[in-house]
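Where a number appears in this text, it was derived from the coordinates with a stated rule and is not lab data. Note that the structure is predicted; figures quoted are calculated from it, not measured. All Cβ positions, glycine included, derive from the backbone under ideal geometry; neighbour counts span all protein chains shown.
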Amino acid sequence: MSSELCSILTSKGRTVRLVKIDDDPDILSTDSLSGLVIISPASGTDDTFLESAFQLLKKAAPGLRRSAEAGGAFFSTVSRLDGAFAFDAGSILVDPLSGGLAGLSKTAAHEWPELSCKAIDLGAFPDTATAANALSIELFLAGPVEIGLKPGGRITLEPAELPVLANPAQAPLQTGDVVIVTGGGRGVTAATAIALAEAYRPLLVLLGRSPEPQPEPEWLSPLISESDIKKAILQQSPGKLHPKDIEERYRSVIAGRELKATLAAIESVGGHALYRSVDIRSSEDVNDLLQVIRREQGPIRGIVHGAGVLADRLICDKTGEQFAQVYSTKVIGLRTLLAATDGDDLRFIALFGSTTGRFGRSGQVDYAVANEILNKLAQAESRQRPACRTVCINWGPWDGGMVTPALKKVFSGEGIGLISLAAGGKLLAREIAATGAPVEVIALADTAGSPLPVKSPLPAKPLEEAFSLVLTVDDYPFIRSHVLGGKAVLPMAMIVEWLAHGAMHGNPGFRFHGFNDLRICKGVTFEQTSSCSLHVLAGRAEKQGSLYYVPVELTSTAGNGRSILHARAEIVLATRLPEGIRSITDPPATPYPHDIGAIYNQERLFHGADLHGIEQVNSCSAEGVSAVVKAAPEPSKWIKQPLRNIWITDPLVLDCAFQLMILWSLERFGSGSLPVFMGRYRQFQGSFPRNGAQIVIRVTAENGHSASADMEFMERKSGKLIARMEGYECIIDPSLEQAFRCNQLAQSGCVVQEAA
């Protein structure tokens with residue numbers, strides 16, 4: 001698919017280079033890099049791929065950040081789970097490791113806010129060309145960091161609060177059942193081991209890296225303070241010790257004491273525990289140990305994987321060795337455990353994930369990657385072992401363990417509370433008994449340290465239909481004036497109007513302020529004797545600051561029943577509109593060389609009488625174009641049964657702006673153009689003036705295949721700003737000349753075809 005994506009991007013006028021994951025990372029050390037896309041291989045992701053992906057991102061970072069500051073740049077990862085980040089319960093996850101790529105994007109988004117970062121999960125498309133086309137569109141859309149792509153559309157995730165867990169009606173464990181706990185000898189996982197012991201009385205086998213505790217010599221056992229212990233270590237040593245050696249021996253003493261304290265605490269609440277030292281990354285060592293455990297203690301019934309290490313550094317400062325250490329403890333350790341217990345009848349698998357994996361965090365790219373993989377391996381296990389309760393808890397910070405005093409200050413500054421050891425342990429004890437509950441859950445704490453209600457990231461609710469309409473030439477006669485290649489085409493300006501209406505339909509009382517990222521995916525074309533049913537879908541309004549954002553889509557249904565996406569955008573609503581301030585203060589000054597009376601003929605513009613809105617072209621040069629245009633008549637003049645009595649925007653004024661770009665591209669390249677994307681539109685008045693508007697267009701980028709521009713719409717007399725459009729994009733194609741000349745409606749049925 002990577003090759004197909006490169007071809008599509010190249011055809012859109014972008015300079016693209018295909019790089020293999022094992023290429024020298026220095027190949028990305030360039031000042032002109034404006035985008036990096038890392039795509040998981042169709043054959044499956046492995047540990048080496050993820051470590052190489054990290055190295056590529058690290059090398060690409062300086063160039064990406066420079067481009068972002070100069071004008072914009074992006075970084076995207078593409079996983080292959082199920083198009084819904086493994087939240088489609090009926091799907092089979094063939095590549096859960098690819099989910100770790102999202103950790104790269106989420107961390108980069110925190111460390112480099114100037115960069116547009118996105119984690120995309122690609123579902124099962126009918127062919128690679130279709131998948132690559134969907135991906136080529138998504139790469140340049142703004143929106144959430146996580147986006148799932150399926151043939152039926154896009155999926156986003158949002159946290160959903162889960163009901164409070166009651167005490168289980170049936171315990172997941174019987175007294176004496178064997179449970180393997182990694183990282184359980186010390187720290188936060190030890191607290192959960194104590195809670196499990198108190199709740200279910202199992203036999204806990206604690207696995208860790210520290211040596212098994214030994215009796216302390218008489219000279220050491222009475223000492224408590226750090227200074228006394230270190231002084232005694234130095235005095236009892238037969239040879240000279242360096243400060244580093246003293247520190248290591250001191251930590252070993254404290255580790256041993258903490259292990260003994262954990263074992264004693266487990267016994268004190270009625271449980272039993274063993275501690276064994278083992279490298280959980282070693283398949284051979286873990287297999288041998290578990291064979292002994294089964295033979296001596298009985299079958300294994302549960303796993304708690306809490307092992308983990310941190311090596312916090314920013315992406316640009318982190319070494320490959322640090323990445324590998326953090327990654328392997330979490331991921332390779334878990335895979336080793338799962339393989340070693342493949343034949344065991346497990347009652348539960350509980351994984352210690354982190355909100356770092358769910359949300360990302362500066363300095364923890366390796367931890368984010370590893371914990372996202374834990375989430376997806378948990379999803380895969382839940383499908384393979386349906387009778388086993390599998391959960392990955394994305395913990396917020398605990399009041400202990402790896403949360404140092406310095407980190408506590410950071411979390412406090414962010415308004416994040418710390419989970420108390422007792423509360424966290426009780427939460428895990430309840431979660432392993434929650435049959436049928438989500439696999440991935442989020443556990444945070446309030447400032448008092450009590451766990452907040454547990455949440456789970458779930459697919460956002462699908463967009464709901466705001467309204468539908470049946471397009472015919474008779475009921476929508478303005479369409480006769482927008483004919484390409486002999487077929488009527490729904491104008492982009494009218495798509496804007498209807499998407500805006502769709503967003504406002506479910507949000508009465510708000511005012512239309514604009515939109516973000518309006519993309520034409522498939523143009524709507526149809527014939528005179530037929531009809532085409534269109535559906536405008538809208539999602540829930542999300543408040544950000546003083547504005548509200550509503551996702552919207554324009555769709556139709558193909559003959560085979562498949563939904564066809566024609567356009568999508570994010571509508572911006574407000575309770576009141578701000579005053580606009582002009583930014584294009586230097587409009588082009590070169591006079592337009594053609595008579596205004598000649599532009600609406602088959603040599604220039606293809607538009608029919610209803611769309612003859614340009615009254616005067618003031619100027620046209622390589623830098624842009626400006627003009628005076630008419631306002632649209634009232635909606636009833638264009639539509640037999642309009643949705644509203646007044647326009648939300650002004651479809652004629654907007655269409656005239658697109659017409660002006662055709663005139664500009666004809667002068668500049670001798671070829672026509674068609675709009676395909678509008679990045680940002682803001683309207684500062686409730687409606688356009690009835691006497692029309694001035695339009696000033698500044699071209700911001702151009703080549704022989706496409707152009708980008710910013711546009712401003714002003715009142716004709718006062719020059720007051722009505723609206724501004726930024727990031728308008730059009731394609732420029734010599735073949736459009738013939739299509740412009742074919743302005744007669746064909747006589748067959750309604751069809752839907754790719755937008756030019």
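Does the stretch 507-664 classify as rounded, prolate or oblate by the C-alpha gyration tensor (a ≥ b ≥ c root eigenvalues; a/c under 1.5 gives rounded; else a/b over b/c gives prolate, otherwise oblate)? Because a/c hits 1.5 or more and a/b fails to exceed b/c, the stretch 507-664 counts as oblate. A Cα-only calculation for the chain places Rg and Dmax at 31.3, 106 Å.
Reducing the stretch 494-527 and the stretch 588-640 to their Cα centroids gives an inter-centroid distance of 23 Å. With each label modelled as a point 7 angstrom along the Cα→C-beta vector, the Ile564-Gln384 pair spans 4.2 nm.
What you get for the stretch 477-753, charging only the Cβ of Lys and Arg (+1) and of Asp and Glu (-1), is a dipole of about 800 debye around the Cα centre. Mind pulling the angle between the C-alpha long axis of helix 128-138 and the longest principal axis of the chain? Nearest 10 degrees, somewhere in 0 to 90. Roughly 80 degrees, rounded to the nearest 10.
Spin-label model, Ala261/Glu248: points 7 Å from Cα along the beta carbon direction are separated by 2.4 nm. The alpha carbon gyration tensor of the stretch 601-702 gives principal lengths a ≥ b ≥ c with a/c of 1.5 or higher and a/b greater than b/c, which makes the shape prolate.
Centre-to-centre, using Cα atoms only, the stretch 54-106 and the stretch 315-390 are separated by 17 Å. Counting 0.36 nm for each residue step from Thr435 to Ser687 and taking away their Cα separation leaves a gain of 85.2 nm.
Spin-label model, Glu218 to Glu623: label points 7 Å out along the Cα-to-beta-carbon direction sit 9.4 nm apart. Between the helical axis of 421-431 and the dominant principal axis of the chain, each derived from Cα atoms, what acute angle in degrees is found, rounded to the nearest 10? Helix 421-431 sits roughly 70 degrees off the main axis of the chain.
The dipole here belongs to the chain: it is taken about the Cα centre, uses +1 on the Cβ of Lys and Arg and -1 on the Cβ of Asp and Glu, and is about 1100 debye.
Fully extended, how many nm does the chain gain between Ser32 and Ile92 (0.36 nm per residue separation, minus their Cα-Cα distance)? Intermediate values should be presented prior to the final figure.
On the way: separation 60, 0.36 × 60 = 21.60 nm, distance 3.98 nm.
Separation in residues times 0.36 nm, less the Cα-Cα distance, equals 17.6 nm.
Loop-only check: which GluC sites (Glu not before Pro) in the stretch 557-638 are DSSP coil with at most 14 other Cβ within 10 angstrom? It would help to have the intermediate numbers written out before the result.
Numbers: sites: Glu570, Glu579, Glu603, Glu615, Glu623; in loops: Glu579, Glu603, Glu623.
Answer by residue number: Glu579, Glu603.
Summed over qualifying helices (DSSP H, 4 residues or more, each -39500 (n - 2.57)) and divided by its residue number, the chain shows a 222 nm mean residue ellipticity of -9500 deg cm²/dmol. Since only Ile648, Ser210, Ser533 are under comparison, the one whose Cα sits farthest along the positive direction of the charge dipole of the chain, derived from C-beta charges on Lys, Arg, Asp and Glu, is Ile648. Rg/Rh for the stretch 1-141 (Cα atoms only, Rh after Kirkwood) is 0.94.
Computed over the Cα atoms of the stretch 233-291, what is the convex hull's projected area averaged over all directions, in nm²? Over all viewing directions, the stretch 233-291 projects a mean Cα-hull area of 6.4 nm². Positive contributions from Lys and Arg (+1) and negative ones from Asp and Glu (-1), summed over other residues with Cβ under 12 Å from the Cβ of Val550, come out at -1. When the Cα positions of Phe515, Ser52, Thr336 are compared along the charge dipole of the chain, Phe515 comes out farthest toward the positive end, with charges on each C-beta of Lys, Arg, Asp and Glu. Assuming charge only on the beta carbon of Lys and Arg (+1) and of Asp and Glu (-1), the dipole of the stretch 2-155 about its Cα centre is about 480 debye to the nearest 20.
Quick one: if the Förster radius is 22 Å, what FRET efficiency do Leu577 and Arg540 give, using the C-beta to C-beta distance and rounding to 0.05? Numbers along the way, then the final one.
Working: r = 22 Å, r/R0 = 1.00.
That pair, Leu577 with Arg540, gives E of 0.50.
Give me Rg/Rg_expected for the stretch 477-753, where Rg uses Cα atoms only and Rg_expected = 2.2 N^0.38 Å with N residues.
On the way: Rg = 18.0 Å, N = 277, 2.2 N^0.38 = 18.6 Å.
Dividing the Cα radius of gyration by 2.2 N^0.38 Å gives 0.96.
Which percent, to the nearest 5, of DSSP beta bridges fully inside the stretch 2-155 are antiparallel? Before the final figure, lay out the partial values.
Numbers: 3 of 18 bridges.
Given both bridge residues lie in the stretch 2-155, the antiparallel proportion sits at roughly 15 percent.
If R₀ is 60 angstrom, what is the calculated FRET efficiency for the pair Glu296 and Ser3, using the beta carbon separation as r and rounding to 0.05? E between Glu296 and Ser3, to the nearest 0.05, is 0.60. Annotation for the stretch 645-684 versus the stretch 249-295: alpha-carbon center distance of 69 Å.
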